[in-house]
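Computed from the coordinates by the stated procedures, all read-outs in this text should not be read as laboratory data. These numbers were taken from a predicted model, which means no experiment stands behind them. All Cβ positions, glycine included, derive from the backbone under ideal geometry; neighbour counts span all protein chains shown.
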Number of protein chains: 2
Amino acid sequence: MRIAVLGTGSVGRAVAARAAELGHQVTIGTRDVGATRAGEYAGWAAQHPEIGLATLAEAAADAELVVNATNGSGSLPALTAAGAANLAGKVLLDIANPLDFGAGFPPTLSVVDTDSLAERIQREFPQAKVVKSLNTMTAELMVRPRQLADGAHSVFVSGDDAEAKRIVTGLLTSFGHTDVIDLGDLSTARGAEMLLPLWLRLYGRLDTAVFNVKVVR
Amino acid sequence: MRIAVLGTGSVGRAVAARAAELGHQVTIGTRDVGATRAGEYAGWAAQHPEIGLATLAEAAADAELVVNATNGSGSLPALTAAGAANLAGKVLLDIANPLDFGAGFPPTLSVVDTDSLAERIQREFPQAKVVKSLNTMTAELMVRPRQLADGAHSVFVSGDDAEAKRIVTGLLTSFGHTDVIDLGDLSTARGAEMLLPLWLRLYGRLDTAVFNVKVVR
């Protein structure tokens, strides 16, 4: 697949590198290509020559699947810059969490309970096929789940489009996920996003980010 | 221990029966003893003659540990009826979830993100030692965790008083819990309460309430 990964942070890099390793054609989208190339991204990029770098709009325009790996607070601006027309009809895998660090740690959620970031994105880009997933674990586990308990833990998908969820599930499975739980329509992303406050407290107690929840049943 | 269980519903009955089975002296507290005795509670009570029934205030007055097993919306009124003086200095194990079914299913949370029901209770009854726990699973798993995966799943405790958490952890362990995770102070109960929206969606997908999360690390 041609995959655009919007966001140059740890999540974007992890997803881009893993997808490229699996044979996908990957372009990372960034707000300012020159500034990104001039920054510490350059060192990482040198190790991943197969991964392209383009503007948000260029990356999205050329992709079949778009990954939102931006910060929650920057997601709507970044997707707006990517362009509604460039997202139309495409699977939009949303990994972002609406964390608000305005009052320090622990962060609160900027959208919660009766709405979710995923639903906001879907309302803003009604022609995209938004699927929420992977936001409930640290970046390295998203793409290499087998490194923890040989993958015996769970990942959730939420979305209104069954085919889009099937495509995302296929990608997750190729990453190594063995327990992909389809929670239902996109409003179920509220539950997945609301796991973050617990995740952050567990992170504080466990002294590692390499943990995940398994739904035992 | 002398344990008061406030609430006559499925959670209250499960905790009361299990604690009595383990040798504790258990009294269930209810708003109206006569009405409870006249209702369907009578059939359950006949099978548990060792468990007392009293008013909320009587039950709390006589107890060393008080369990809040009322509905989230009824918790503050029930605890007020139990009486601040009767809760003072005691461990108050809060199992309630602030679910608001006002807009139908799925419920929203009546307190969320920047506050929690547990913290509200603590503020209202500053002399009680509030510990949040067990609210993240179905009643029968709370008290018999070994019935699922031989207990290989997690339960959380949150609270400001270390000794109170130690006492609750002991009770949980006696129930059969093997992975009791101390999240930290009582504000961490926000995370535990915010797990409910995900729990409810999983309940809808898994066709059983007998599931739980395990924190794999």
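Going by the alpha-carbon gyration tensor, a ≥ b ≥ c the square roots of its eigenvalues, is the stretch A:97-145 rounded (a/c under 1.5) or, if a/c is not under 1.5, prolate (a/b greater than b/c) versus oblate? Walk me through the numbers before you get to the answer.
Numbers: a/c = 2.77, a/b = 1.08, b/c = 2.57.
Oblate.
Rounding to the nearest 20 debye, state how big the charge dipole of the stretch B:2-206 is about its Cα centre with +1 on each Lys and Arg Cβ and -1 on each Asp and Glu Cβ. Kindly include the intermediate steps, with their values, before the conclusion.
Numbers: 17 positive and 22 negative charges, 61 e Å.
Rounded to the nearest 20 debye, it is 300 debye.
Can you give the mean number of other chain Cβ atoms that lie within 10 Å of the Cβ atoms in peptide A:182-193?
On the way: counts 1, 6, 5, 1, 0, 3, 8, 3, 6, 10, 3, 3.
Mean shielding count: 4.
With charges only on Cβ, +1 for K and R and -1 for D and E, what is the dipole size of the protein assembly as shown about its Cα centre, in debye, rounded to 20? Intermediate values should be presented prior to the final figure.
Details: 38 positive and 46 negative charges, 99 e Å.
The dipole magnitude comes to about 480 debye.
Run the helix sum for chain B: -39,500 (n - 2.57) per DSSP H stretch of 4+ residues, divided by residue count, reported at 222 nm to the nearest 500 deg cm²/dmol. Present the calculation step by step, with values, prior to reporting the outcome.
Details: 11 runs with 85 residues, N = 217.
Result for chain B: -10500 deg cm²/dmol, rounded to the nearest 500.
Quote the relative contact order of chain A in percent (integer), defining contacts as alpha-carbon pairs under 8 Å separated by 6+ residues.
Details: 422 pairs, mean separation 38.2, N = 217.
Once normalised by length, the contact order is 18 percent.
Apply the a/c threshold of 1.5 to the C-alpha gyration tensor of the protein assembly as shown and tell me whether it is rounded, prolate or oblate. Display every interim value, and only then the final one.
Details: a/c = 2.42, a/b = 2.37, b/c = 1.02.
In terms of gyration-tensor shape, prolate.
Ratio to report: Rg/Rh of chain B, with Cα atoms as the point set and Rh obtained by the Kirkwood method; give two decimals.
Values: Rg = 16.2 Å, Rh = 17.2 Å.
Reported Rg/Rh, Kirkwood definition of Rh: 0.94.
Search the structure for amide H atoms under 5 Å from the amide H of residue B:154, placed 1.01 Å from N in the peptide plane, and list their residues when 5 or more places away or on another chain.
Under 5 Å from the amide H of residue B:154: B:213, B:214, B:215.
Using the charge dipole of the protein assembly as shown (Lys, Arg: +1 at Cβ; Asp, Glu: -1 at Cβ; taken about the Cα centre), state which of B:98, B:142, B:159 has its Cα farthest towards the positive end.
Positive-most Cα among the choices belongs to B:142.
Assuming a ≥ b ≥ c are the square roots of the Cα gyration tensor eigenvalues, decide whether the stretch A:130-217 counts as rounded (a/c under 1.5), prolate (otherwise, with a/b larger than b/c) or oblate. Mind showing how you got there, number by number?
Values: a/c = 2.13, a/b = 1.34, b/c = 1.59.
Oblate.
Which lysines does residue A:129 reach when only Cα atoms under 28 Å apart count, and residues fewer than 8 places away in its own chain are ignored?
Excluding near neighbours in sequence, the set is A:90, A:165, A:214.
What is the magnitude of the charge dipole of the stretch B:31-97 about its Cα centre, with +1 placed on the Cβ of each Lys and Arg, -1 on the Cβ of each Asp and Glu, and no other charges, expressed in debye to the nearest 20? Show your work: numbers first, answer last.
On the way: 3 positive and 7 negative charges, 26 e Å.
Magnitude of the dipole: close to 120 debye.
Can you grab the distance from the C-alpha centre of the stretch A:1-57 to the C-alpha centre of the stretch A:103-155, Å, no decimals?
20 Å
Counting Lys and Arg as +1 and Asp and Glu as -1, what is the net charge of the other residues whose Cβ lies under 12 Å from the Cβ of residue B:14? Working shown, then result.
Working: positive: B:13, B:18, B:144; negative: B:21, B:140.
Spelling it out: positives minus negatives among the neighbours equals +1.
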